[in-house]
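Asker: Sending over a structure as structure tokens; questions will come in a sec.
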Amino acid sequence: MLTIGSSFAKTYIAYWKCDGVIYHAYIIAENITEAQQFAATLSLCE
């Protein structure tokens, strides 16, 4: 589960769930595609 949305100009927030815990991160990126690519690396659940 990875959800991403825009909060401010060039700032995106990503939410993901790992082992029953919901995490979030603020990501500064030029566009939502770049933010999604970065969030995908953050949200890897090991």
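Asker: Figure the gain on full extension for Thr41 and Tyr23 (residue separation times 0.36 nm, minus the Cα-Cα span) and round it to one decimal in nm. All intermediate terms of the calculation are to be shown ahead of the outcome.
Answerer: Values: separation 18, 0.36 × 18 = 6.48 nm, distance 1.32 nm.
Full-extension gain reported as 5.2 nm.
Asker: Using the alpha-carbon atoms, what tilt in degrees (0 to 90, nearest 10) does helix 32-42 show relative to the longest principal axis of the chain?
Answerer: On a 0 to 90 degree scale, this one is about 30.
Asker: Also: Per the Kirkwood treatment, what hydrodynamic radius in Å, one decimal, follows for the chain from the mean inverse distance over all distinct Cα pairs?
Answerer: With all distinct Cα pairs of the chain included, I get 10.5 Å.
Values in this text are rule-based calculations from the coordinates and carry no lab data. Note that the structure is a prediction, hence the values are computed from the model and not measured.
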